[in-house]
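The values are calculated or read from the model by the stated rules, or taken from the named source; none is laboratory data. Only a predicted model underlies this, so the values are computations on that prediction, with no experimental measurement involved. With ideal geometry, Cβ positions are generated from the backbone for all residues, glycine too; neighbour counts draw on all protein chains shown. In case anyone asks, the SASA skips ligands and DNA or RNA and just uses the protein heavy atoms, side chains included. Shrake-Rupley method; radii C 1.70, N 1.55, O 1.52, S 1.80 Å.
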Amino acid sequence: MSALEWFAHKPLGDGIFWIQERFYESGNRANIWLVRGSQRDVVIDAGLGLRSLPDYLRAAGLLEPAEGAGRRPLLAVATHVHFDHSGGLQHFEEVAVHSAEAAALLRGDNYEAVTWLSDREVGRPPRPGWRARHFRVPPVRPSRLLQEGDVISLGDRQLTVMHMPGHSRGSICLHDKDRKILFSGDVVYDGSMIDWLPYSRISDYVASCQRLMELVDRGLVEKVLPGHFNIFGAERLYRLASNYISQAGVCHKVSACAMRSIASIALRITNSRVTS
């Protein structure tokens, strides 16, 4: 299967494209965002990597320079290293990730990447003989380590890094302050927030949700482009964040701890089977 068959995209205007892996038929299917700038293009998250995303972007004409201009550099930014967002980083020359998860990406740590993929989630295998049990997030050396407050310049637009741990220790959002757009990764999307994975931490998640609510209170976000599911607005962002905080009590912490223990055991068993 070619990259052109594997991916599909939808233009949102203002240099932003929404890209998805057509045959990854799972709730874990991550949204991929291409943001074009005057001097640099940025891909936010990279999917599983079963087909080359850069090949698709070139074949679909999404990286075409303006008339008379040269090709712009392309940077892939991972909002975090979970497998559904980081598997495709292997196909990029320039990769950025938060420093808290850089070591996991460099060593191809599929425990921290929570790699968990089944054959039934892939509607059409990317090549003959492919099996989900062999899928791994390969080691990738980041070319840029991100920290809170860093700015990724695209020339005519700037994306500010917001370190928002909780879902994972290196989770980030990217904030386009001028356009009031938040690329939220898995920090928040229109669904249940997952805080029971290895390196999830509820207290961090509460603090991150408080920051999200402050962004809305200050009128700094009007549109959220999340890591999964559909785009939503400021009112929904505030409600999702406040609901998480209100539910993060003792009972929730106990159940999340139990689920984390089960998930950790399952991931270690799965990883040991693949590597043995």
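Worth pointing out:
- Members of segment 85-108 that are of a type outside the set (Ser, Thr, Tyr) and over 22 Å from Arg58 (Cα atoms): Val97, His98, Ala100, Glu101, Ala102, Ala103, Ala104, Leu105, Leu106, Arg107, Gly108
- Within segment 107-121, the residues that satisfy the criterion of being without any contact (Cβ under 8 Å) to a residue 60 or more places away in the chain and more than 17 Å from the chain's Cα centre (by Cα) are Arg107, Ser118, Asp119, Arg120.
- Residue satisfying all of: in segment 215-245; under 25 Å from Leu34 (Cβ atoms) and among the aromatic types (Phe, Trp, Tyr); surrounded by the fewest Cβ atoms within 10 Å (Cβ to Cβ) among these: Phe229
- Any hit, segment 249-267, residues being aliphatic (A, V, I, L, M), out of contact with any Pro (no Cβ under 8 Å at 6 or more places or on another chain) and buried (at least 19 other Cβ atoms within 10 Å of the Cβ): yes
- Residue within segment 67-77 that is at pLDDT below 95 and under 29 Å from Leu197 (Cα atoms) present: no
- In this structure, Leu62 does not qualify as closer than 22 Å to Leu105 by Cβ and not charged (D, E, K, R).
- Neighbours by Cβ (under 7 Å, 6+ apart or cross-chain): first from segment 202-218, β-branched (Val, Ile, Thr); second assigned to a helix (DSSP H, G or I) and open to solvent by 70 Å² or more (accessible area, probe 1.4 Å): Ile202/Lys253; Val216/Tyr238
- Yes/no for Val224 being over 19 Å from Ser86 (Cβ atoms) and either over 17 Å from the mean Cα position of the chain (by Cα) or charged (D, E, K, R) (or both): no
- Residue in segment 102-115 that is of a type in the set (A, V, I, L, M), at pLDDT 95 or above and under 19 Å from Ala132 (Cβ atoms) present: yes
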